[in-house]
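Asker: This is the structure I have questions about; it appears just below.
Derivation of every value follows stated rules applied to the coordinates shown; laboratory data play no part. Please read these numbers as outputs of a predicted model, since none were measured by experiment. Cβ sites come from the backbone with ideal geometry, for glycine too, and all protein chains shown count toward neighbours.
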Amino acid sequence: MLPNQNESSPSVFRYVDWTTVVIYLLMVIAGVVSIYAASYDFDEASMFSFDEFSGKQIRWIGLGLLLGFFILLIDWRVFDTYAYPIYIGMLLLLIVTPFLAHDIKGSRSWLTVGPMSLQPAEFAKFATALALAKLFSGYNFTLNAKAINYVKALAIIILPIVFILLQNETGSALAYLALFFVLYREGMSGLILFAALFAVVIFVVAVKFTDIMFLGIPSGEFAIMVMVMLIMIGMTFIYYRTLETPRNLLFWFGGTLILGWLLAGPCGIALPGMGWMIGSVCVGCVYLCIEALKRHRKALFIPVATALLSIGFMFSVNFAFQKLQPHQQLRILVVLGIEEDLRGAGYNVNQSKIAIGSGGLTGKGFLNGTQTKLKYVPEQHTDFIFCTIGEEEGFLGAIVVIGLYLALIIKVIAIAERQPRPFGRVYAYCVASYFIFHFCINIGMVIGLCPVIGIPLPFFSYGGSSLWGFTILLFILLRIDAARKAYA
Amino acid sequence: MRKDYNLEKRKYVIAGFLVVIALIYGIRLFDLQLNDERYKKSADSNAFLKKTVYPSRGLMYDRNGELVVYNQPAYDVMLIPRDVQPFDTLDFCETIHITPEQLNKRFADMRDKRINPGYSSYTPQRLITQLSSQDYGRLQEKLYRFPGFFIQKRILRQYNYATAANVLGNLREVNQRDIEKDEYYAPGDYTGDLGVESSYEPYLRGVKGTEILIRDARGRIQGRYEGGRHDVEAISGRDIKLSLDVKLQQYAESLMVGKRGAVVAIEPKTGEILCLVTAPSYDPRLLVGRPRGQNYKMLTNDESLPLFDRALGGAYPPGSTFKPTQGLIFLQEGIINTSTTYPCYHGYINGGLRVGCHAHGSPLPLKPALQTSCNAYFCWGFKNMIDRRSKYGSSAKAFEVWKNHLVSMGYGYALGVDLPHESRGFLPNAKFYSKFYGEGHWSANTVISVAIGQGEILATPLQIANLSATIANRGWFITPHAVKEIADTVIPAEYTEKRFPTIDSHWYADIAEGMRMAVTGGTCRRAAIPGIDVAGKTGTAQNPHGKDHSAFMGFAPYDDPKIAVAVYVENGGFGAVFGVPIGSLVMEKYLTDSIAPSRKYMEDQMLNTSVFYAPKSKRK
């Protein structure tokens, strides 16, 4: 009853997930059409001319398909066996890249190979995914079993980040942070994701709402303090499962807030607002500590730690914000709507919003977009390709593209969950995580919801490295998935 | 293989996160694309460059058809910062005659968003304005060496005569206030400043046209939108024929050299201003082109106030030129008739008050009183009117009647001339005095000096000239105006309608006769022009700041007046010293186009005499 292990047999194509391949093909074709529209010039150029971005992209796609085909022909166990060597080789390549690369707009990340320029950072994605999958597929490996496992997993994720940062490619480096989704799926506490999310919220709120004062402190910081109080109450309930302690906390926090408001408002007594709020939270913390000790509930220290860390983080945000590069600060402020700098840092985002916004329901029609035709949006054939779709194909086109991504990523998650081996599952989650990150950040920045971090929209943006990198990533997954029956 | 189903549930968290983000993005797209029309407009204004086509500005001719103001092309150096590549700055500076420091300053100013709020590195920016044609020619040849630069043609004014700067006005760039007030303007446009340029701006400027071009993000023009079907052609401004006689204006200005004051001449039948001189004045060409800013500053700092139009804006005590108005009011109110006589014992002496006068016969009736400019006569008349409680009830009520007559004659309010910055002069009313002295605590003697055009009364030279024109017309006037015709349209109706003061016109004949007598045998004998009957009235206005002001008003010919004139020379002394000669020379020049040999000495005297003005005059 051994399954056919002759991997070179054509039967591999019978098990390939063709749905994913179809989504992939739809995306790259839609991509090349959009690139043609985005780079279309008034002097009638041909879509297939190799002098045009669209023509070049077709060449990349052709070669990419060939690459995918060969990947499908490789025995899946090659990826398992050689995961670490591939990873280490890729790390070495990342290390030497800055020394071999030419400086392009301040970044040293492009290697010239014959007629092509490639970005190793894009190819390190699948290598890192393989290494992480390999780590998790170790005998009886569970993430939560030993602390050292976390160290190993984090090391695999962080090493490429460090080397890519050295190439000055912040955007590509940040994409690796998405792999925390994988750690979460494999057992990392949800608290960490929650903490990350809350940290983002604190950052945004603290930086954005600094003008309006409330109880003598900026309304943003006031809101954060109230959020901290609510989270303490909620966590106490979740971890203690009684009503009494959270109720006491609620009364205490509510009481101090109302008293503070009464004193500051109708009575006109100027309170040291921040001291008042922190004092209230601290009393709550002390109360929880006493409860924790009295009732032997160590879990009650979690809300205490959360509150103290949150407040500490809030105070360090402004400090940290000052430490950012001025252009990064500006980008963040522009996205948060604090700065209105339409000709400077906000130019890209504003023009891209205009392009998308002017598309309407059905768009202006293929090749009829004035914004993109006339080059108002910089980088429109690469990072800002989505605004060409928004302008020319309208709301419907944009929704279709978002739908394609949803379908692809959910499909990848489904593939992940049907893997019999952790190797396949972890690898698949890595793929899903990268796509989630690129999808969220790229479209988010084009529609003005995220800071402008220069990362491409997979399969749509012009560029061989990104296309090949994601193609390899996806086809290795398909190859591993096609072999799921092997031990089933 | 062991499977942790607890952990498998986490796929829902990850997928859920993704779906929530996708939903947020969907809502955002809905908001951007279907909910907000703003972006559609922005995209259009991005892509379609509405290029302004500047119309040529209306020309100005004088009443005889002499071209006075015309257009000359000027050239602005523009650039699109994004397209500018490193260039030979020294060569550039030498070509257009500026120093590298000036160039750097211009670049810094252009980039400074406080000075130039519309700065963008993608759109055309104005670097240097108003090159001369010579500099333009040189730069045009070398332009290929300076990528990103181009030249935009603009229109500047030029003047055929160095005269009438106050009437003609000039052009300046619009400021933020202009743009807010009138949406016609865009930054960088020019608008009229001062004079006719300002008040007839809507006629002169024409209508800007637009060319709709398709433009890419670098501001590069990709072609005409739909072959120019939506373009709008510019409409040239209307030419204007001024009522000024430019030769007369020049002549009057030459007579006023070295003096401060004003000369106003009006054609009585039409209200057309023949000359409107303020002295000192300036060459209108100073305010053209690049030196404008510097020259404007120089003129502003000049303590003789050359930019201040004394003819319209100067409010002076009218002195004895005011007496005809008094005669008219007393006659109209029945206080006197033409044979009523009042005594003059070297002045008006009443109630411990004395208003001095000079030697002449006494008692005397109205016409000789005008002839000799008798102060006492008009003081008596004034007293008899203001203090006649039987008729008016109180001095205050009588004073209001007196004041209303003067208002109808054009005093106390701006006449409504078609030039900016006209002063209304000052005419007190009863309330003014009641506030100052207390209700019922004043009478004719308290305010007696207004009867002889002194005290609180202030009038502009234009108002004085208008009185002269009214007397010349024997009882009506047309609001004075400086524009005679506008091409293809009519001048505003208010400059063709007669205005009648509240004085019966037959009384004006008597006043005119008194003024004629002043020339034939009174205070303005020097105004007599051989062969022409002149009527006139001198004025010597006391002045707390220094020497008396010299004033004159008159008209000629007596029977068919063609010109009415008012002259005011600050600190010129007796009216006969400067006012009479200048006024009569202006009338003679206009009527005969020459100066009689017997009066040449007077012309030379006027041309060559200056009045000394102490530096740092304590003007308020």
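Asker: How big is segment B:225-268 by the Kirkwood estimate over distinct Cα pairs, in Å? Let's see the in-between values first.
Answerer: Working: mean 1/r = 0.0671 Å⁻¹.
Over segment B:225-268, the inverse of the mean reciprocal pair distance is 14.9 Å.
Asker: How high is the relative contact order of segment B:246-608, in percent, with contacts defined as C-alpha pairs under 8 Å that are six or more residues apart?
Answerer: 21 percent
Asker: Under a Cβ-Cβ cut-off of 15 Å, what is the net charge of the residues other than B:Leu131 that fall near it, where Lys and Arg count +1 and Asp and Glu count -1?
Answerer: Values: positive: B:Arg106, B:Arg126, B:Arg138, B:Lys142, B:Lys153, B:Arg154, B:Arg290, B:Arg292; negative: B:Asp76, B:Glu94, B:Asp135, B:Glu141.
That sum, taken over residues with Cβ under 15 Å, equals +4.
Asker: Report the normalised scattering of segment B:54-182 as log10 I(q)/I(0) at q = 0.10, 0.12, 0.22 Å⁻¹, calculated by the Debye formula with identical scatterers on the alpha carbons.
Answerer: -0.43, -0.59, -1.33
Asker: What Rg and what Dmax come out for segment A:193-323 when only alpha-carbon atoms are used, in angstroms?
Answerer: Looking at segment A:193-323, its Cα Rg and Dmax stand at 15.2, 44 Å.
Asker: A further question follows. Taking amide H atoms as placed 1.01 Å from N in the peptide plane, list the residues 5 or more away in sequence, or in a different chain, whose amide H sits under 5 Å from that of A:Tyr462.
Answerer: For A:Tyr462, the qualifying residues are A:Thr382.
Asker: Then there is this: Using 0.36 nm per residue of separation minus the Cα-Cα distance, give me the extension gain between B:His358 and B:Thr300 in nm, one decimal.
Answerer: Taking B:His358 through B:Thr300 to full extension adds about 16.7 nm, to one decimal.
Asker: Here is a further query. Can you tell me the Rg and the Dmax, both Å, for the Cα atoms in segment B:246-608?
Answerer: 20.0, 68
Asker: Taking R0 as 35 Å, what FRET efficiency do you get between A:Phe70 and A:Ile410 from their Cβ-Cβ distance, rounded to the nearest 0.05?
Answerer: 0.80
Asker: Bins of 10 Å, beginning at zero and ending with the bin holding the largest distance: percent of Cα pairs per bin for segment B:162-309, please.
Answerer: 10, 29, 29, 18, 8, 6, 0
Asker: Okay, moving on. So, counting K/R as plus one and D/E as minus one, what does the shell of residues with Cβ under 14 Å around A:Leu300 add up to?
Answerer: Residues near A:Leu300 contribute +3 overall.
Asker: So, one more: Take B:Asp83 and A:Ile158, extend 7 Å from each Cα along the Cα→Cβ direction, and tell me the distance between the two endpoints in nm.
Answerer: Between B:Asp83 and A:Ile158, the label points sit 5.2 nm apart.
Asker: Whole-Hz Karplus ³J(HN,Hα) for segment B:88-101, in order, using 6.51 cos²θ - 1.76 cosθ + 1.60 and θ = phi - 60°, x for Gly and Pro?
Answerer: So the Karplus estimates, Gly and Pro as x, are 6, 5, 5, 4, 4, 5, 5, 4, 10, 6, 10, 8, x, 5 Hz.
Asker: Moving on. Where in chain B lies the longest segment free of GluC sites (Glu not before Pro) that are both loop residues by DSSP (not H, G, I, E, B) and have at most 13 other Cβ atoms within 10 Å?
Answerer: B:38-182
Asker: Provide Rg and Dmax in Å for segment B:513-620, with only Cα atoms included in the calculation.
Answerer: 14.2, 46
Asker: Same structure again: Using every Cα-Cα pair within segment B:223-370, state what percent have a distance larger than 25 Å.
Answerer: 60 percent
Asker: In µm²/s, what is D for chain B at 25 °C and 0.890 mPa s, where D = kT/(6 pi eta Rh) by Stokes-Einstein and Rh is the Kirkwood radius from Cα pairs?
Answerer: Calculated translational D: 86 µm²/s.
Asker: For segment B:186-307, with only Lys/Arg (+1) and Asp/Glu (-1) charged at the beta-carbon, what is the dipole magnitude about the Cα centre, in debye rounded to 20?
Answerer: Using only the charged Cβ atoms, the result is roughly 320 debye.
Asker: For q values of 0.25, 0.31 Å⁻¹, compute log₁₀ I(q)/I(0) with the Debye formula on a Cα-only model of segment A:418-473, without solvent.
Answerer: Each listed q corresponds, in turn, to -0.96, -1.17.
Asker: With both partners inside the protein assembly as shown, how many of the DSSP beta bridges are antiparallel, as a percent to the nearest 5?
Answerer: Close to 95 percent.
Asker: Place +1 on the Cβ of every Lys and Arg and -1 on the Cβ of every Asp and Glu in segment A:193-323, take the dipole about the Cα centre, and give the residue among A:Leu259, A:Phe315, A:Ala299 whose Cα lies farthest towards its positive end.
Answerer: Final value for the positive-end residue is A:Ala299.
Asker: What spacing in nm lies between the two simple spin-label points modelled at B:Asp488 and A:Lys485, each 7 Å away from Cα in the Cβ direction?
Answerer: The two pseudo-label positions are separated by 8.7 nm.
Asker: When only C-alpha pairs under 8 Å and at least 6 residues apart count, what is the relative contact order of chain A, in percent?
Answerer: In percent, rounded to a whole number, it is 24.
Asker: If the chain between B:Glu497 and B:Glu180 were fully stretched, how many nm would it gain, using 0.36 nm times the residue separation less the Cα-Cα distance?
Answerer: 110.7 nm
Asker: With labels modelled as points extended 7 Å from the Cα through the Cβ direction, what inter-label distance (nm, one decimal) is found for A:Phe194 paired with B:Leu143?
Answerer: Distance between the two pseudo-spin positions: 6.9 nm.
Asker: May I pose another question? May I ask you to evaluate 6.51 cos²θ - 1.76 cosθ + 1.60, the Karplus curve with θ = phi - 60°, for each residue of segment B:171-181 and list the ³J(HN,Hα) values in order in whole Hz, giving x for glycine and proline?
Answerer: Running phi through 6.51 cos²θ - 1.76 cosθ + 1.60 with θ = phi - 60° gives 10, 9, 6, 5, 10, 4, 5, 4, 5, 5, 6 Hz.
Asker: Within chain A, what's the longest stretch lacking trypsin sites (Lys or Arg not before Pro) that sit in DSSP loops with no more than 11 other Cβ atoms inside 10 Å? Walk me through the intermediate numbers first.
Answerer: Working: sites that count: A:Lys105, A:Lys146, A:Arg241.
Between the exposed loop sites, the longest stretch runs A:242-488.
Asker: How high is the relative contact order of segment A:193-323? Use alpha-carbon pairs under 8 Å, at least six apart in sequence, and give a whole percent.
Answerer: Relative contact order, segment A:193-323: 30 percent.
Asker: Give me the aspartates and glutamates in straight-line cross-link reach of B:Lys537: C-alpha distance below 20 Å, same-chain residues under 8 apart excluded.
Answerer: By straight Cα distance, B:Lys537 reaches B:Glu267, B:Asp510, B:Glu513, B:Asp548, B:Asp559, B:Asp560, B:Glu570, B:Glu588, B:Glu603.
Asker: What Kirkwood Rh does the protein assembly as shown have if only Cα atoms enter the pairwise 1/r average? Answer in Å.
Answerer: 37.6 Å
Asker: Of all DSSP beta bridges located in chain B, what percent are antiparallel, nearest 5?
Answerer: Approximately 95 percent, going by the DSSP bridge assignments.
Asker: Let's see if you can work this out: charge +1 on each Lys and Arg Cβ, -1 on each Asp and Glu Cβ, no other charges. What is the dipole magnitude of the protein assembly as shown about its Cα centre, in debye to the nearest 20? If you can, show how the numbers build up before the last one.
Answerer: Numbers: 108 positive and 91 negative charges, 568 e Å.
I would put it at about 2720 debye.
Asker: First select every other residue whose beta carbon is under 11 angstrom from the beta carbon of B:Ser594; then total the charges, Lys and Arg +1, Asp and Glu -1.
Answerer: Numbers: positive: B:Lys589, B:Arg599, B:Lys600; negative: B:Glu588, B:Asp593, B:Glu603.
My count for the surroundings of B:Ser594 gives 0.
Asker: Right, something else. Using the Cα centre of chain B as origin and beta-carbon charges of +1 (Lys, Arg) and -1 (Asp, Glu), tell me which of B:Thr496, B:Phe146, B:Val257 is placed farthest towards the positive end of the dipole.
Answerer: Farthest towards the positive pole: B:Phe146.
Asker: Okay, moving on. Give the cross-link partners of B:Lys431 among the aspartates and glutamates, using a straight C-alpha distance below 17 Å as the criterion and excluding same-chain residues fewer than 8 apart.
Answerer: B:Lys431 reaches B:Asp387, B:Glu400, B:Glu439, B:Glu456.
Asker: Could you calculate, for segment A:182-265, the ratio of the Cα radius of gyration to the Kirkwood radius, expressed as Rg to Rh? Let's see the in-between values first.
Answerer: Working: Rg = 15.8 Å, Rh = 14.7 Å.
Computed over Cα atoms, the ratio is 1.07.
Asker: Arrange A:Tyr427, B:Tyr568, A:Tyr87, B:Tyr119 by Cβ neighbour counts within 10 Å, fewest through most, would you?
Answerer: Ordered by Cβ neighbours within 10 Å, fewest first: B:Tyr119, A:Tyr87, A:Tyr427, B:Tyr568.
Asker: Got a sec? Charge dipole of chain A, +1 on Cβ for Lys and Arg, -1 for Asp and Glu; which of A:Phe423, A:Asn168, A:Ile88 is way out at the positive end?
Answerer: Farthest towards the positive pole: A:Phe423.
Asker: If you place +1 on the Cβ of every Lys and Arg, -1 on the Cβ of every Asp and Glu, and leave all else neutral, what size is the dipole of chain B about its Cα centre, to the nearest 20 Debye?
Answerer: Charge dipole of chain B: 1660 debye, to the nearest 20.
Asker: A follow-up question, please. Chain A: Rg/Rh from Cα coordinates, Kirkwood Rh?
Answerer: We get a ratio of 1.03 for chain A.
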